[in-house]
Structure formats: structure tokens, C-alpha cells
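Student: This is the structure I want to talk about, given as C-alpha cells.
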Amino acid sequence: MNEAKDRELRALQAALAAEHAAVYGYGVVGGRIGDGQRAEARTAHDAHRARRDALVREVKDLGGRPVAAAAGYALPFAVPDAAAAARLAAELEDRVAGVYSDLVRAAGGERRDLAAEALREAAVRAVRWRGESVAFPGLAERAGTAPPSAAPTA
């Protein structure tokens, strides 16, 4: 495999790992979010499941073995109530946007277009959960830190 395809495959695997974490995280969000936002959480959960499934196919198309989901993931903070669940949903979307930003840089053609669409969708969902936007969604530089990673628990 050439260097460009290898870089693209690594970015696809990172996006897949982030989608696995988002699906898990939205399970937590759904259990804590208020009734008024439950439909939005379910829609986001379904969107991440669909993206995850599409990424599995993309990884296989490039000859890779899709990264498996972890049994559990460490949450960035405790989620005792609906307000924390909304913050978690925004954080999940920020993390997903970050990996799709990397995939946009690594991919070309239709795969790049799909990654840009996924980045946009994650950014829009983050705005809905947070109630405000950021200048450059998906870019870690806006926060002055490296992109957070979804940390699986043992």
C-alpha cells in the first residue's frame, strides 16, 4: 500500500474508532437526557451508527481490518443529569468532528466529500447541544490542545 492510501486508511480507522465511542456515548446520553431532547439524542445515535457501519465498509474496501469497538469507554466527566448529558453530547460531536477533519485532509474524491459532510453534521449537532458555535469546528487548534481521544476502558 502506498503512503497516501496508508494515511487514508489510518484516518478512516480513527474515524471508525470515534464513531464506536460516539455510539457508546450516546447510549449514556440517552439514559440521562430529558424527555424534550430524547428524540434528538436518538437521531444522533442513529446517525453515528450509520456512519460507523459505512466506515466499516470503507476500511474493508481499502483492504484494512476494521478496528473493533471497545467493551466500554471512559467518559470525560460524570454524567449525573440531563445538563451533563447535553454537555457530553456536544463533547462527543467535537471529538467526531476532529477525526473527520483529519480524514478530510487524508482523503480525496468522494471519500473526502463524505468526510466533509460528516464533519459538518457533527459540527451542527454540537451547536445544537451546546447552544453556540465555534469558529473552526474539528480543529484542535481552536482550543489550544491536541485532539482528545476516545479512551477505551479495560
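Here, each number is a calculation from the coordinates, and none is a lab measurement. Keep in mind the model is a prediction, meaning the values are calculated, not measured. A quick note on method: Cβ atoms are made from the backbone with ideal geometry, for glycine too, and the neighbour counts reach across all protein chains shown.
Student: According to a simple spin-label model (label point 7 Å from Cα along Cα-to-Cβ), what is the distance in nm between Arg87 and Arg57?
Tutor: Result: 3.8 nm between the two label points.
Student: Ok, one more. Please find, in a Gaussian network model of the chain (springs between Cα atoms separated by less than 10 Å), the residue of Gly31, Gly108, Gly63 whose mean-square fluctuation is greatest.
Tutor: Gly63
Student: On to the next question. Taking the Cα atoms of segment 92-134, report the difference between the largest and smallest coordinate on each principal axis, in whole Å and largest first.
Tutor: 33, 14, 14
Student: Which of Gly30, Gly109, Gly64 moves the most in a Gaussian network model of the chain with Cα springs under 10 Å?
Tutor: Answer for the Gaussian network model of the chain: Gly109.
Student: Over the C-alpha atoms of the chain, what are the Rg and the largest Cα-to-Cα span, Dmax, in Å?
Tutor: Reported Rg and Dmax, both Å: 15.0, 49.
Student: With springs connecting C-alpha atoms under 10 Å apart, model the chain as a Gaussian network and identify which of Ala126, Ala85, Ala39 has the largest mean-square fluctuation.
Tutor: Residue with maximal mean-square fluctuation among Ala126, Ala85, Ala39: Ala39.
Student: Expressed in nm to one decimal, what extension gain is obtained for the pair Arg120 and Ala4 from 0.36 nm per residue of sequence separation less their Cα-Cα distance? Can you show the working numbers first?
Tutor: On the way: separation 116, 0.36 × 116 = 41.76 nm, distance 2.37 nm.
Fully extending the segment from Arg120 to Ala4 adds 39.4 nm.
Student: With r as the distance between the Cβ atoms of Glu132 and Phe77 and R0 = 22 Å, compute the FRET efficiency 1/(1 + (r/R0)^6) and round to 0.05. Don't jump to the answer; show the numbers that get you there.
Tutor: Numbers: r = 19 Å, r/R0 = 0.85.
Calculated transfer efficiency: 0.75.
Student: Sticking with this structure for a sec: Label points 7 Å out from Cα along the Cβ direction at Ala69 and Glu40: separation in nm?
Tutor: 2.3
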